[in-house]
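Novice: The structure follows.
The values are calculated or read from the model by the stated rules, or taken from the named source; none is laboratory data. These figures come from a predicted structure and were not determined experimentally. Here the Cβ is made from the backbone with ideal geometry for all residues, glycine too, and neighbour counts use every protein chain on show.
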Amino acid sequence: MITTKPSVGWYWVAGVLAILGIVGAVVWGLTAYGAVGDRVDAFTRAPLPGRAVVPIDMVGTHAVFYEAVDMDRVPPFDVRVTDPDGAPVPVAGFGADLRLERADVVSKVVATFDAPRQGDYVVTASGVAPGAATFAVGAIPTTGIAAVVGAIVLLFAAVGTAVLIALVTLVLRNRNTGRQPLADAVPRAPAGIA
């Protein structure tokens, strides 16, 4: 049975796939990371302790972030929110450790609240904070974070597929190497010698 070996071109396919995957993932990841930074920059900020009027255009869950250069310890502080009519809005703690970094300032989610309608919400944060600590209010940029994760998945998928293609090509090309038919292995006497 005669089997054909895969073309060396498959190595090129694997290389091109890896390069495209790496470039695509880097561009997508940097773009998504930049979008997250832009959203964080647009948060409403106030000194801690303090009060901020937060215009909310998108209904849904919004977060209160503690912001400081040194994030070793978040001091205890109380957050209160009122809706556009002045009614209190329930505030919940945030169980995960979600931090966003920008210009040497770390923003950590400390509380969340639901804004069921558009309008100006008043967020008051009271407590003792060191130095120039602030608090910020905004929607958690989940789409940007998901895009960064998607870029990482793209990177691993493209490189993994490229490595798989290269390995399969290598194995199939070398499958018959080292085996010679028996007739070719037996030395023949030179012509004219009996």
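Novice: Can you run down the residue pairs with Cβ atoms below 6 Å, 6 or more apart or on separate chains, where the first is in the range 53-70 and within 17 Å of residue 92 (Cβ to Cβ) and the partner is hydroxyl-bearing (Ser, Thr, Tyr) and at pLDDT 85 or above?
Specialist: Close Cβ pairs (under 6 Å, with a partner that is hydroxyl-bearing (Ser, Thr, Tyr) and at pLDDT 85 or above) amount to 54/44; 54/121; 56/121; 61/112; 63/112.
Condition check ((1) more than 25 Å from the chain's Cα centre (by Cα); (2) surrounded by 15 or more Cβ atoms within 10 Å (Cβ to Cβ); (3) in a loop (DSSP other than H, G, I, E, B)) across all residues:
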position: 20; (1), (2), (3): no, no, no
position: 28; (1), (2), (3): no, yes, no
position: 39; (1), (2), (3): no, yes, no
position: 46; (1), (2), (3): yes, yes, no
position: 51; (1), (2), (3): yes, no, no
position: 62; (1), (2), (3): no, yes, no
position: 67; (1), (2), (3): no, yes, no
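Novice: Please find, within the range 61-117, the residue that is modelled with the lowest pLDDT out of those that are touching a Leu at 6+ places or on another chain (Cβ under 9 Å), of a type outside the set (Ser, Thr, Tyr) and under 14 Å from residue 137 (Cβ atoms).
Specialist: Out of the qualifying residues, it is 77.
Novice: Go through 73, 39 for me and flag whichever is among the basic types (Lys, Arg) and farther than 18 Å from residue 121 by Cβ. Steps first, answer last, please.
Specialist: Details: 39 fails: farther than 18 Å from residue 121 by Cβ.
So the residue among 73, 39 that is among the basic types (Lys, Arg) and farther than 18 Å from residue 121 by Cβ is 73.
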